[in-house]
Structures are given as structure tokens and as C-alpha cells.
Amino acid sequence: MKTPPRVSAPISNPSSFPPLIEDDFSYYYPFFQDVIPPVLPSSPALPEMLPHRRCRPLADDADESAGNRRRRKKRNIARLITSLAALDAQEESDRRELEDDLYLLRANHDKKAATLLDYYFRFQDHYSDLDADDSLRTTKDSMAASAAAAAAAAAALADAAYVGDPAPHQHQRRLWVKDRSRAWWERCSHPDFPEEEFRRAFRMGRATFDMICEGLGAAVAKEDTTLRAAIPVRQRVAVCIWRLATGEPLRLVSKRFGLGISTCHKLVLEVCSAIRSVLMPRYLRWPDLASAAAIKARFEAVSGIPNVLGSMYTTHIPIIAPKISVAAYYNRRHTERNQKTSYSITVQGVVDPDGVFTDVCIGWPGSMPDDQVLEKSALYHRAEEKGMLRNAWIVGSSGHPLLDWVLVPYTQQNLTWTKHAFNEKIGEVQRIAREAFARLKGRWSCLQKRTEVKLQDLPVVLGACCVLHNICEMSKEEMYHEFNYELVDDEMVPDNGIRSESSMQARDNIAHNLLHQGLGGTTFF
């Protein structure tokens with residue numbers, strides 16, 4: 001009898017499997033990547049799922065897998081607790097290190113604070129002694145001023161009582177004036193003060209300074225009042241010149257001369273205005289016929305070009321951004337070159353062979369090119385409308401146009417030998433104007449940086465600088481090397497560089513004569 005095949009009977013009682021073990025660590029299951037959650041059979045065909053696996057009874061396998069799961073959970077929990085303990089220990093160690101560092105920082109801070117306080121007290125004591133010495137020096141002046149004021153008040157009371165003033169005993173107002181040290185200025189104004197130090201401070205010798213004071217005496221002098229004595233003329237002029245020469249802020253000018261900041265600012269503007277109105281007609285003027293002939297002869301000796309009456313150049317003076325018309329004063333070329341936003345105004349000047357200004361045009365916005373500044377100047381109107389420059393040349397730069405009275409170098413590419421020679425010679429004349437402007441900015445350092453002067457007052461200050469420059473050049477004042485200034489200005493070739501056909505022909509004739517008369521030079525070969 002054939003034995004029938006064994007057929008696995010379906011499991012009809014799922015409750016015979018061991019139940020799912022649930023404990024308090026079920027929260028940590030998602031953190032354990034190696035733990036496989038148990039899978040309960042949901043179908044009676046469980047033996048058919050593993051046809052090739054020979055295993056022990058299901059009950060034993062369930063017990064063994066449950067034991068393995070417990071052991072793995074215990075190991076993972078132990079590792080987690082160990083990691084937490086290690087983190088706590090590391091945090092405690094870091095906290096202790098931070099406390100030690102904080103303690104050291106506090107100790108260093110307390111030590112530095114004590115040192116600074118000690119230095120401050122010593123510094124205060126030192127300056128208290130200096131103030132005491134200064135007060136002793138000014139005691140006599142203060143007492144004299146007080147006595148004069150008291151005498152004047154007494155005289156006024158006596159006069160009031162004499163004429164029958166109904167309240168002669170009325171309280172009089174007193175004027176309080178802060179005591180400031182004038183030791184530096186008193187030392188500079190002393191006859192024994194070294195001449196070289198005086199020249200370095202004021203960019204001129206004592207004789208030239210005295211000449212300026214004498215010329216401005218009537219314009220800047222003030223009378224004494226009942227309450228205070230007027231500032232002397234020499235001190236007024238010194239405040240202005242030292243401010244222009246050094247470019248220092250007004251607070252340092254105040255400390256140097258023992259005057260208030262507002263007083264120093266007022267003195268600078270008053271003296272500059274007096275220089276412009278009194279000294280400019282004497283020291284900055286257009287040459288007369290005799291002087292013009294001498295200037296033409298000297299320029300021709302330098303360059304070989306006839307009838308040159310002056311060398312012209314245009315420079316820029318930095319300013320603080322104005323409140324109105326900001327775009328007009330924005331200097332795009334200086335901004336691109338220096339990588340710093342720049343605003344400026346222009347100064348156009350014509351100089352003679354000695355570098356002395358004979359004409360200036362001040363105040364046009366820095367965005368205007370050189371040719372437009374020239375067209376706005378009084379020199380242009382005198383030459384074009386009044387014909388004051390017939391048979392004369394003003395040598396300009398490549399940024400100026402070629403006119404009947406303005407001679408400029410050739411700017412096109414691939415120049416001939418004749419044009420190269422002409423550019424060399426005209427460059428010698430142009431260099432005179434560039435060097436004059438370099439000495440102007442080097443001698444008066446206030447022109448090298450933005451000043452504290454308002455835009456509407458700046459032309460007066462710049463005009464005073466040009467006049468003082470002329471006085472120093474005429475007096476042959478020495479220019480120290482430490483005050484040399486490198487002049488950098490951007491020149492743009494105008495769109496319409498040639499405004500006259502006759503002037504173009506005249507320039508070609510001059511270039512031809514220079515080369516064929518042997519005056520062209522050979523450095524361009």
C-alpha cells in the first residue's frame with residue numbers, strides 16, 4: 001500500500017506562537033539600525049515561505065530570537081549610556097577650561113585697568129602743572145584786563161551819576177573768556193626763534209611774512225574794546241598762513257594759537273578775503289606790454305617757439321560732497337583711478353617762465369573737462385571777444401583745444417619727426433606750468449585734501465593760496481624737498497580738438513621751422 005505524501009497542515013491556531021515582547025525600551029528602536037523588528041506570521045502558509053531551511057521547532061526559534069533581541073538592546077542601551085556619560089564628562093571639562101580662561105581674562109583686565117588709571121592720574125597731574133605754569137604766565141595779562149575793565153566800568157558809572165542816571169548802581173555784565181595757552185605762537189613770534197623752523201612752519205621767511213603783515217595791516221586790524229584787547233595783526237595773519245600751509249584741522253589751529261575754533265575759522269576767511277582784495281591786484285595780474293615782450297623772449301629761449309605769453313594748466317582740488325549739484329562736482333576719473341569716491345573743483349592757471357601766476361580761473365565743477373573750463377573762463381572771453389591775445393600764444397595741454405591763441409601738442413597716432421619735435425618743445429613749456437602747480441599744492445597742503453571750508457568760500461581761499469604762491473616765488477623762497485608733491489591730473493582730449501584752420505596751419509609752420517632750424521631736438525629718434 002502506497003504511503004500518501006506528507007502535507008503540511010495549515011496552522012489554525014495562531015495563538016500558539018509566542019506573544020510579541022513589549023518593554024520600556026521600545027522608544028529606542030528607531031535609533032538601532034541593526035535591530036530587525038519581529039515579524040509575526042499573518043498567513044497559515046508560514047512553512048512554505050522557507051522551503052529550503054531546516055530549523056528547529058518554531059517555539060525554540062522564537063525563544064532564541066527573543067533572547068538575541070534582548071542582548072542587542074542591552075548592548076545598544078549600554079553604548080548610548082556610555083556615550084551620554086562621555087559627553088557629560090567632555091562638557092564638564094570644557095566648562096572648567098572656560099572658567100580658567102575667564103579667570104585669566106578678568107585678571108588681565110583688572111591689571112590693565114589699574115595701569116591705565118595710574119597713567120591717567122599721572123598724565124592729569126602733569127597737565128595740571130602745565131596749566132598752572134600757563135596760568136602764572138597769563139596772570140598779569142588777566143589782571144591788567146580786569147583792571148582796565150573795572151576802570152572803564154567805574155568811569156561809566158561816574159559819568160552816569162554825573163548826568164543824573166536814575167540807576168547808577170545797576171549791576172554790570174561780566175565777560176567770561178577761557179584761558180588758552182599761546183606759548184607756541186609767542187615762541188614763534190620771538191626774534192630769537194630759528195629762521196629755518198619759522199620757514200618750515202609758515203612756508204616762508206620772516207621777512208616775507210612781515211611784508212605780508214604790513215600789506216594787510218589796514219585791512220585786517222581791529223580796535224580794542226572795553227572788555228577785551230583785539231588780536232594783533234601778526235597773529236591774525238599767522239593763523240591763516242599756518243592753516244593754509246599745514247592743512248591741519250581747526251581744533252589744532254586753536255591749540256597752537258590759543259584762540260577759539262570759531263575765531264580761527266573766522267580769521268582764516270577774513271585774512272584770505274583781504275589777501276584777495278588787497279594783494280591780488282599787486283601780485284597776480286596780466287603782464288603789460290613791456291613785461292609781455294620779456295616773457296615772450298624768455299619762453300622762446302626755452303623752447304624756440306616765438307610769441308609764447310604763458311603756459312596753461314588745469315588741476316583739481318578735492319572737496320567734501322556738496323549738498324546741491326552733487327553730480328556736477330563728481331570726479332569720475334579720480335574715482336576710477338583711486339578707487340575712492342572723489343568730488344572736486346577746478347583751478348585753471350596761466351604762468352610766466354618763473355612759475356608765477358598771471359591769470360587764474362577758480363571754482364568750476366570737477367566733472368567739466370579742461371576745454372569747457374577754458375570756455376567758461378574770463379581769459380577766453382578777453383581773447384575771443386576783446387582780442388587781447390593777438391599775435392600771442394598760450395601753451396595748453398592735450399586737454400585744451402587748438403585755437404588762434406591756444407597752442408597745444410599733436411594728439412593723433414603715428415606722428416612724423418616734425419610733429420615729434422614740436423611736441424618735445426611744447427612739452428618744455430607745459431612742464432613749467434605743471435611744476436608751478438606742484439609747488440602750489442606742495443607749499444599749501446590744504447589743497448591736497450578736503451578742507452573744512454564751505455564750497456561758496458573755497459574760491460576765496462584758493463585765490464589767496466595763488467597770491468601767496470606768487471609772493472613766495474617772487475621772493476625766491478626756498479621749497480624744501482619734504483614738501484614736494486606729485487601732481488596727478490587726468491587729461492581728456494576734447495572731441496573737437498581743432499577749432500580753427502588758421503591755427504592748424506600756424507602750428508604746422510612752427511613745427512616745420514623748429515625741425516629745419518635745428519631746434520627740434522633728437523630725443524625722439
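The values are calculated or read from the model by the stated rules, or taken from the named source; none is laboratory data. Keep in mind it's a predicted model, so treat the numbers as computed, not measured. Cβ coordinates were reconstructed from backbone atoms using ideal geometry, including for glycine residues, and neighbour counts include every protein chain displayed. We work out accessible area using only protein heavy atoms, side chains counted, and drop any ligands, DNA or RNA first. Shrake-Rupley method; radii C 1.70, N 1.55, O 1.52, S 1.80 Å.
The peptide list 86-94, 434-442, put in order of mean Cβ contacts within 10 Å with the highest first, becomes 434-442, 86-94.
Quotient of the Cα radius of gyration of segment 218-327 and 2.2 N^0.38 Å, N being its number of residues: 1.56.
Longer than 27 Å from Cα to Cα, which of Lys376/Lys476; Lys340/Lys454; Lys112/Lys449; Lys266/Lys449; Lys222/Lys441; Lys296/Lys386 are they? Say none if no pair is. Pairs exceeding 27 Å: Lys376/Lys476; Lys112/Lys449; Lys222/Lys441. Per residue, segment 303-367 exposes 38 Å² of accessible surface when a 1.4 Å probe is rolled over the protein heavy atoms with every protein chain present. Which whole-number percent of Cα pairs in segment 299-448 have a distance greater than 23 Å? Here the tail beyond 23 Å accounts for 40 percent of pairs. Heavy-atom accessible area with a 1.4 Å probe sorts Tyr119, Tyr485, largest first, into Tyr119, Tyr485.
Summed over the residues of segment 377-444 and divided among them, the accessible surface reaches 42 Å² per residue at a probe radius of 1.4 Å.
In the assembled protein chains, Leu98 presents an accessible area of approximately 120 Å² (probe radius 1.4 Å). The figure for Glu486 is an accessible area of roughly 150 square angstrom, using a 1.4 Å probe on the protein chains alone. So if R0 is 35 Å, what FRET efficiency would Ser475 and Thr335 give, r being the distance between their Cβ atoms, rounded to the nearest 0.05? That pair, Ser475 with Thr335, gives E of 0.40. Ranking Glu385, Glu270 by solvent-accessible area of protein heavy atoms (1.4 Å probe, all protein chains present), from largest to smallest, gives Glu385, Glu270.
Across the accessible surface of segment 430-492, with the other protein chains kept in place and a 1.4 Å probe, carbon and sulfur atoms take up 47 percent.
Across segment 434-486, the mean sequence separation of Cα contacts (distance under 8 Å, 6 or more residues apart), normalised by length, yields a relative contact order of 62 percent.
Charge tally around Glu452: other residues with Cβ under 12 Å, Lys/Arg +1 each, Asp/Glu -1 each, net +3.
For Thr341, the accessible area of its heavy atoms, probed at 1.4 Å with every protein chain present, is near 80 square angstrom.
With an a/c value of 1.5 or above and a/b not larger than b/c for the gyration tensor axes a ≥ b ≥ c computed over the alpha-carbon atoms, segment 475-518 is described as oblate.
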